[in-house]
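Reviewing the structure listed below.
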Amino acid sequence: MGLTSQSTGKIAPEDIFYIKNDNNEFVIALAGNPNTGKSTVFNYLTGLKQHTGNWPGKTVSNARGGFNYNGNDYILVDLPGAYSLFTSSQDEAVAKEFICYGNHNAVIVVADATCIERNLNLVFQIMEITSNVILCLNLIDEAKKKNIQIDKERLENELGIPVILTAARNGTGMKDLKRCIEDVTVNKKVIKPHTVKYNDIIEKNVEIIIPILEKYNLSNPRYIALRILDGDNTFFNNIDNIDVILSEISEVIDIGINKSSIREEISKDNYVNAKLMKDKCVTEDKKKLYRDKKIDDILTSKVYGIPIMLCLLGIVLWITIQGANYPSQLLSNLLFGFENILTNLCIRLNVPEFIHGIFILGLYRTLAWVIAVMLPPMAIFFPLFTLLEDLGYLPRVAFNLDHQFKKACAHGKQCLCMCMVNICYTYFLLCFQ
């Protein structure tokens, strides 16, 4: 059982994160890091039975959808992508609060099978909140291409939760995921996650705090105890009698300890355990990893990274401009030649001049110009950009420029949109000259 508004004594979180459902409907939360295929899993399960909106009182959007399996109805809530529940953004705060206070029956954590170690940090944190967790290792097809082999049974034993291997875009493993959801929600399968054990100081203080929290009928006292130790003040706001609880705890332990160091220690232990678990359950092609690392060292180098980026984007711009000239001229001759045919037809049919002006000289000519000028560069540029994305180069561009963009209170990923806009803008300027 996860945290609930009833268990904390607060009503406000329930008002925000309560999902209205009938007695025969089950609410499933879909969590995960960005770019793990979470939305693909959501779209596959829900199909067209989905809608988007904003959380009440929040600027963060959410997507909800429904699906039926073996006569049971499920409401799937696609949470914002989050790397951690140690919130650093509004998106992560919403994901954390729904997992803590939402009326979900299970949480599916979608992880990238090609980089399990990075994704397990979020899995560990969610396992501390609720026991009904399903790990969906997506992109298993990409993992096979990289010669990554995952010992599913051992990973399940290490985590203590169900693990499903999927490739959502082609439907691989999705029936197994639905069957697992049914086992957890309908058949009430008992899951006992193996939560991370931290250092002796943290564990000793947790053991002291838990009995105090249990007196106030708080569910998941271990998770609350950890948040008290690391000073998650946003979490305290949703617990009734928190001042009284903190006062009682301060009599037995020093809750004025360095909270930032506790948070760092918890994060470090999570990542250490993630690496140990990956080493036990995942077999990788060391030669390929070494080759990829050498490529990364060059593409993300402080010396060569940006010059290589400028050269590649310059080549894309040159191919787009030069490659679009011939098809653009061909389309222009074809479409504007057909305009003369339409004009002669209007003359023979004695079509009024103003109708000819509106539909032929106005609507058709404008459409022909847009198609002739815009279609060829778009047909060349976007496949090239997609190719760079598939090769994994665009994330490295974002990484290279992230530091510079942060100086402007922005994010490195915004550079990709700027690249697209600037290349298109440059092409159109050249067209008008």
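Values in this text are rule-based calculations from the coordinates and carry no lab data. Computed from a predicted structure; not experimentally measured. Cβ atoms come from the backbone with ideal geometry, glycine included; neighbour counts cover every protein chain shown.
Quick notes
- Stokes-Einstein translational diffusion, the stretch 200-283 - Kirkwood Rh over all Cα pairs, 0.890 mPa s, 25 °C, in µm²/s: 176 µm²/s
- Each stretch of four or more DSSP H residues adds -39500 (n - 2.57); spread over every residue of the chain, this sum gives -18500 deg cm²/dmol at 222 nm.
- Rounded D (µm²/s) - the chain, Kirkwood Rh over Cα pairs, Stokes-Einstein at 25 °C, 0.890 mPa s: 96 µm²/s
- Whole-Å semi-axes of the ellipsoid equivalent to the stretch 299-432 (Cα gyration tensor, √5λ, descending): 43, 15, 10
- Entries in Lys38/Lys406; Lys192/Lys406; Lys280/Lys406 that, when Cα-Cα distance is taken, lie over 30 Å: Lys192/Lys406; Lys280/Lys406
- Between 0 and 90 degrees, the angle of helix 414-432 with respect to the longest Cα principal axis of the chain falls at about 10 degrees.
- Between 0 and 90 degrees, the angle of helix 286-299 with respect to the longest Cα principal axis of the chain falls at about 60 degrees.
- Summary value for the chain: 13 percent relative contact order, contacts being C-alpha pairs under 8 angstrom separated by 6+ residues.
- Here's the picture: charge each Lys and Arg Cβ at +1 and each Asp and Glu Cβ at -1 in the chain, and of Ala143, Thr195, Ser247 the one pushed furthest to the positive end of that dipole is Ala143.
- Taking Cβ atoms as reference points and 13 Å as the exclusive limit, the residues near Glu389 contribute a net charge of +1, counting Lys and Arg as +1 and Asp and Glu as -1.
- Cα long-axis angle, helix 200-215 against the chain (0 to 90 degrees, to the nearest 10): 80 degrees
- Note on Thr366, Thr40: ascending count of other Cβ atoms within 10 Å places them as Thr366, Thr40, the fewest first.
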